[in-house]
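Novice: One structure, pasted below without further comment.
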Amino acid sequence: MYASREDIGYDFGDDSKVGSKPIKPNPNIDGGWAWMIVLSSFLVHILIMGSQMALGILNMEWLEEFNQSRGLTAWVSSLSMGITLIVGPFIGLFISMCGCRTTAIIGGILNALGWILSAYASNVHYLFLTFGVTAGIGSGMVYLPAVVMVGQYFQNRRALAQGLSTTGTGFGAFLMTALLKYLCTEFGWRNAMFIQGAISLNLCVCGALMRPLSPKELREKYVVRSGSEENQAKALSHSTETIKSNGVLGEEPERKEEAAKEEVLGSVQHIEIGGKSGSGRSMYGLRLFKTVSQLTVTVRKGFALWYSSYFGAASLFTNRVFVAFIIWALFAYSSFVIPFIHLPEIVKQYNLSRQDNVFPLTSIIAIVHIFGKVILGIISDLPCISTWNVFLMANFTLVTCILTLPLMQTYIGLAVVCALIGFSSGYFSLMPVVTEDLVGTKHLANAYGIIICANGISALFGPPFAGWIYDITQKYDFSFYIAGLLYMVGIIFLLIQPCIQKKQSREKSTEEAQV
């Protein structure tokens, strides 16, 4: 494990941490409008992730309404959660082309449409399309911009800002569980989904708050200074893979793209000036041509950045630690999602419905989850604490709880384990910070899109797998054991790969010193 945050900046190639400090801080970085971005992201997490964490209520209604197996019915919730995250890489392309604000507003409309259309479902398969796919894609188009914008607006308080914004998941799970339970009781599940669709239109307002930083403001976020000899040595010792993953080798194509843009627009302006004496129709045609040219250049530039991040010379997959992070994400998220989807059924099996109605176990997870994100964020921002170490410790605690939960058959025992699950899962607020440390701010949107895509695959297959195991064994025990063991495999990858890379870096430094 690493001793400090600087180690992550060195070993994982965060060039922003190597001998740099802000000289002329922008008032909107770490302050000002940045806190409006946090508020917007907080509301997005309430409306999207909070609602998804409360789907256990609707899952029971669907089981009773459509009389299908638990495994098949669980696919509705899994599709919604999974697609929200799986579409991450493609949403990264939208962000590169259209920006976070436009992407989020379109996503808010799609999400609301999915909820409203689901109110008219005649079978489970109809819900696959309306709720799973339509609402899921809309959720993904809002969720990724909400995370990326917080990363762009914060430098020194990244972990705290991400922690505060992602506490919306906990608040949302608590509020939406109570709201959906009330709406289903009073109006039925169909009307409840219709009302929830109307509420989801507020996502468009959240998207409108995501005011983009100008290129100048983005450049001012990190201002390079002349560092000490030690920092310079660290900078020179970065591996080729690390430099590529931070996009340093990708600066030349970007300059060429800017030159091409100036050339195209310049020629259009020249034609426009030369044609001022022409007819009004010709001028209208020139202005239309100029608009189309600007749009074409923007789309080409966005696609080039997206393509280079995945397949070009600056591919993120050349960073081995980032690849290990992806493998971890493939196994991790299902271990958190399975309890939320299946806890109501487990409570019913153990005849604990009376106690659970007083204080639902999912609400315990949600409430403690709020404190976990904030506390872990504050701890990670301390200069003497490594974000990576906090992240790993939280993962170890969570996997232990997942393996222990089936052994608890009393309400008190389940409540204690659920509280620990809620607190340790607060590491979700650290995921964008760790991702940014791995690849840098420039590639945060595309890199985090890959990570949440891996999480989405985990969420997509986790709950149906648990339901399928229950249909065979009539128990959820094996579902938690298998999910916990797979989660442990992912954590082992996180531990091994950074150690291997650190060892290789030391050997390379030793060889260079001998030469």
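Novice: Label-point separation (nm) for THR296 and LEU129, each offset 7 Å from Cα along Cα-to-Cβ?
Specialist: Distance between label points: 3.7 nm.
Novice: Turning to a different aspect of this structure: ³J(HN,Hα) across region 79-87 via Karplus (A = 6.51, B = -1.76, C = 1.60, θ = phi - 60°), whole Hz, x for Gly/Pro?
Specialist: Residue by residue, region 79-87 yields 4, 4, 5, x, 5, 3, 9, 5, 6 Hz.
Novice: Just to be sure I understand the model, the point goes 7 Å from the Cα along the line to the Cβ. What's the resulting THR400 to ILE385 distance in nm?
Specialist: Going by the 7 Å Cα→Cβ label model, 1.8 nm.
Novice: Gain in length, LEU288 to TRP35, computed as 0.36 nm per residue apart minus the alpha-carbon separation, to one decimal in nm?
Specialist: Details: separation 253, 0.36 × 253 = 91.08 nm, distance 3.81 nm.
The span from LEU288 to TRP35 would gain 87.3 nm if fully extended.
Novice: What are the ³J(HN,Hα) values, in whole Hz, obtained from phi via the Karplus relation 6.51 cos²θ - 1.76 cosθ + 1.60 with θ = phi - 60°, for each residue of region 60-75 in sequence order, with x given for Gly and Pro?
Specialist: Once θ is set to phi - 60°, the couplings for region 60-75 become 5, 5, 5, 4, 6, 6, 9, 6, 9, 5, 5, x, 5, 5, 5, 5 Hz.
Novice: Oh, and also: Out of the chymotrypsin sites (Phe, Trp or Tyr not before Pro) in region 53-131, which ones are loop residues according to DSSP with at most 12 other C-beta atoms within 10 Å?
Specialist: Answer by residue number: TYR120.
Novice: Oh, and also: Residues in region 54-90 near a label at SER353, defined as backbone nitrogen under 18 Å from the 7 Å Cα→Cβ point?
Specialist: Taking a point 7 Å out along Cα→Cβ of SER353, the residues of region 54-90 whose backbone N falls under 18 Å are 56-68, 70.
Novice: Tabulate in residue order the Karplus-calculated ³J(HN,Hα) for region 173-180, using 6.51 cos²θ - 1.76 cosθ + 1.60 with θ = phi - 60°, rounded to whole Hz; enter x for Gly and Pro.
Specialist: Those phi angles translate into 4, 5, 5, 6, 4, 5, 5, 5 Hz.
Novice: Please work out how much length the chain gains when fully extended from ASP477 to ALA198, using 0.36 nm per residue of separation minus the C-alpha to C-alpha distance, in nm with one decimal. All intermediate terms of the calculation are to be shown ahead of the outcome.
Specialist: On the way: separation 279, 0.36 × 279 = 100.44 nm, distance 3.81 nm.
Here the segment from ASP477 to ALA198 would lengthen by 96.6 nm.
Novice: Spin-label point model (7 Å from Cα, Cβ direction): what's the TYR120 to PHE187 distance in nm?
Specialist: About 1.7 nm, to one decimal.
Novice: With charges only on Cβ, +1 for K and R and -1 for D and E, what is the dipole size of region 373-515 about its Cα centre, in debye, rounded to 20?
Specialist: Here the size comes out at about 40 debye.
Novice: Only Cα pairs under 8 Å and at least 6 apart count here; give the relative contact order of region 310-498 as a rounded whole percent.
Specialist: Numbers: 223 pairs, mean separation 77.0, N = 189.
After rounding, I find 41 percent.
Where a number appears in this text, it was derived from the coordinates with a stated rule and is not lab data. From a predicted model like this one, the values you see are computed outputs, not experimental measurements. All Cβ positions, even for glycine, are placed from backbone atoms using ideal geometry, and neighbour counts span all protein chains on display.
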